[in-house]
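**Q** Please see the structure below; I have some questions.
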Amino acid sequence: MHIQWFPGHMAKTRRLIAENLKLVDVIIELLDARIPFSSRNPEIKSLINNKPRLVAFNKSDLADEQISRQWVRWYADQGINCILLNSISGKGLNEIKDRARDLMAEKIERDRAKGKLFTPVRTMVVGIPNVGKSSFINKIVGRASAATGDRPGVTRGKQWIRINSEIELLDTPGILWPKFEDQEVGMNLAFTGAIKDDIMDTGEIAMELLHRLTKLYPKELCARFKLESDSIINIGPLELLETVALKRGCIVSKGQIDYSRISAIVLDEFRGGKIGKITLERPNDRSSKD
């Protein structure tokens, strides 16, 4: 499957980010902890130029913690400090606030020397669609300040939000980039829901996801769908999807497989963490370039 998607509102968002950079001190970039490389927008680095940046692995509760730690070290080698974040429980939020203030400590001291005692740190949060930006904002602010949803494209405009007396935040919609040079990146984004399901063949996405899980997390896959480990060793993606469908009773008239239903089940259960704590990428699989 060739995945390609760049809606007009995302081109507008890219311009919005560039236009408002002069208003902010620190960029907070959210990545999906399950795909710490694929969820990174390669345009962000050039867009923000030399602005201080914090990177947070959101949805860390759904990811393999051991692999997440490897990714934190990998990004550290690129000169980027990362924070493990769970926007539902609030894990990592205080660390983000502290680091944002630390990044602007020198500026705050210079302002105090000039007699300006109150200098709020102004931040901008960026990230691809469905990475959990709105949930992050609502949790860090402590109230429902941003629209939330389990589909990409919920947030459409920009808004300033006061986190506390020391930090303010500029929210922006999620942004993808014009072209996926690596189709594996596009597939990873499809697995996690960053790309809308209604523009893709969910059956093909579900088959590829199951195939990937047989390589990375066979025990979790077998446990969730009650499969025998020997049965998935030399099985093709379509046959595996059909086997899972039979286990779940996804059958229509005359014993035919309900491919739409089982595909939706596989994707929903992965995205909801029901199959297990899963990270689909490994640092060793990527180049050392940021």
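Where a number appears in this text, it was derived from the coordinates with a stated rule and is not lab data. Fair warning: this is a prediction, and the values are worked out from it, not measured in the lab. Quick reminder, even Gly has a Cβ in these numbers, built from the backbone with ideal geometry, and neighbours come from all protein chains shown.
**Q** Please give the FRET efficiency for ASP268 paired with ILE80, using the beta carbon to beta carbon distance and R0 = 35 Å, rounded to the nearest 0.05.
**A** It comes to 0.65.
**Q** Please work out the Cα center distance from the stretch 29-81 to the stretch 259-279, rounded to the nearest Å.
**A** The stretch 29-81 and the stretch 259-279 have Cα centres spaced 23 Å from each other.
**Q** Okay, next question. Length gain on complete extension for the stretch LEU216 to GLU106, per 0.36 nm per residue less the alpha carbon to alpha carbon distance?
**A** 35.1 nm
**Q** What Kirkwood hydrodynamic radius do you get for the stretch 8-171 when you take the inverse of the mean 1/r over all pairs of distinct Cα atoms, in Å?
**A** Averaging 1/r across every pair of different Cα atoms and inverting gives 16.3 Å.
**Q** Quick one: plug the Kirkwood hydrodynamic radius of the stretch 201-285 (C-alpha pairs) into Stokes-Einstein at 37 °C, 0.692 mPa s, and report D in µm²/s.
**A** Once the numbers are plugged in, D ends up at 251 µm²/s.
**Q** Once you place label points 7 Å from the Cα toward the Cβ at LYS247 and ILE88, how far apart are they in nm?
**A** 2.2 nm
**Q** Suppose R0 equals 30 Å; then what is the FRET efficiency for ASN284 and ASN50 from their Cβ-Cβ distance, rounded to the nearest 0.05?
**A** That pair, ASN284 with ASN50, gives E of 0.50.
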